[in-house]
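For reference, the structure discussed in these notes is given below.
Every number here is computed from the coordinates shown, using simple stated rules; none is lab data. Keep in mind that what you see is a predicted model, and the values were worked out from it rather than measured. Every residue, glycine as well, gets a Cβ built from its backbone with ideal geometry; the counts of neighbours run over all protein chains shown.
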Amino acid sequence: MAVTAISIVRMKNLFAVVMMGGIYSLLSALIFVNLDAVDVAFTEASVGAGISTVLMLGTLALTSREEKQEKKSSHKIWLPLAVCIATGAALVYGTLDMPLYGDPNAPIHQHVAPRYLTESIDEVGMPNVVTSVLASYRGFDTLGETTVVFTAVVGVLILLTGRRRREKHEPTLEELEEQEDEV
Amino acid sequence: MFLQDGGAKTVQYLDFLSPGLYNYWIVIFLMMVGFYIVISRGNLVKKLVGLNIFQTSVFVLYISMGKVEGGTAPIFGEGFNTFSNPLPHVLILTAIVVGIATTALGLSLVVRIREEYGTIEEEDIHAQEDESL
């Protein structure tokens, strides 16, 4: 994954960048399977690696395929790099207090998760705990998610249909001016 | 809780051979790669790819926190008693879908910008803005 991410930084061809993004997404899905999150892996493989790659390719078809070769001024490389290293160092310092990987006594496993694991089979009746939490215990989250997706769809439609109307509109204005000229 | 046995734990954390914190460092590395792409590259599509990398690293962070040593996927079946934490899985399922929605919105903005300015490079857009002023 790290290699894929680095190659995305280096590449200039946007088509290849988008393809590497898809590979990166698929690799992360494999990692999710390894970490016992099979539902998340399904979603990531279909949505992250599938739909998002298709959307990106669609955008490339409407725009351009090559990234412009920038003139490499030194401050444009080193300033972002320094910012990233500083932020990364601060985050690594933050992890020193984090619970160890796979520790069953970590705080995250003490709060509501035991209840979901022990009682959801009686309260909801689904063998898959992720489903019962998603649809029942945290149903409002899912409602909020649906709202966000709906808003995004409305936004995309407004942005992309507005242009078509304008494209139709502009020629008619010119025609009107031509008519006026002729008159 | 952490303060009481802080000394002994810190020694353990600083032992680079123990795999305890390795997952967090991978996440931080990926996150910084995505961040670097977003702030250093001028191409808008590439910025969005960087944003996706950043986003996926956060997903990996959550899922790896939910992992329990020796646990299986949280689906009830005979012979399984230890499960990984289902809560991060649910949150990340929601986050993936919201992420694709925001990516789609960003991409449609890129398409509109391209139609308005004829380019998707940040520098060129700034140059055209300066000319028009």
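Provide the packing ranking of A:81-87, A:36-42, i.e. peptides ordered by the mean count of other C-beta atoms within 10 Å per residue, highest first.
Listed from highest to lowest mean packing, they are A:36-42, A:81-87.
May I ask you to derive the FRET efficiency for B:GLU116 and A:MET19 from their Cβ-Cβ distance with R0 = 25 Å, giving the value to the nearest 0.05?
With a Förster radius of 25 Å, E is 0.35.
Within 10 Å of each Cβ in B:48-56, how many Cβ atoms from other chains are there, averaged over the peptide?
Neighbouring Cβ atoms belonging to other protein chains average 6 per residue here.
Taking the Cβ of each residue in B:HIS126, B:HIS89 as the centre, tally the other Cβ atoms inside 10 Å and list the residues starting with the fewest.
Fewest-to-most ranking of B:HIS126, B:HIS89: B:HIS126, B:HIS89.
Under 20 Å from a label point 7 Å along Cα→Cβ of A:THR161: give me every residue in the range A:22-55 with its amide N that close.
Within reach of a label on A:THR161, which here means backbone N under 20 Å from a point 7 Å along Cα→Cβ, the range A:22-55 contributes nothing.
Taking neighbour counts of Cβ atoms within 10 Å as a proxy for exposure, in what order, fewest first, do A:PHE32, B:PHE76 appear?
B:PHE76, A:PHE32
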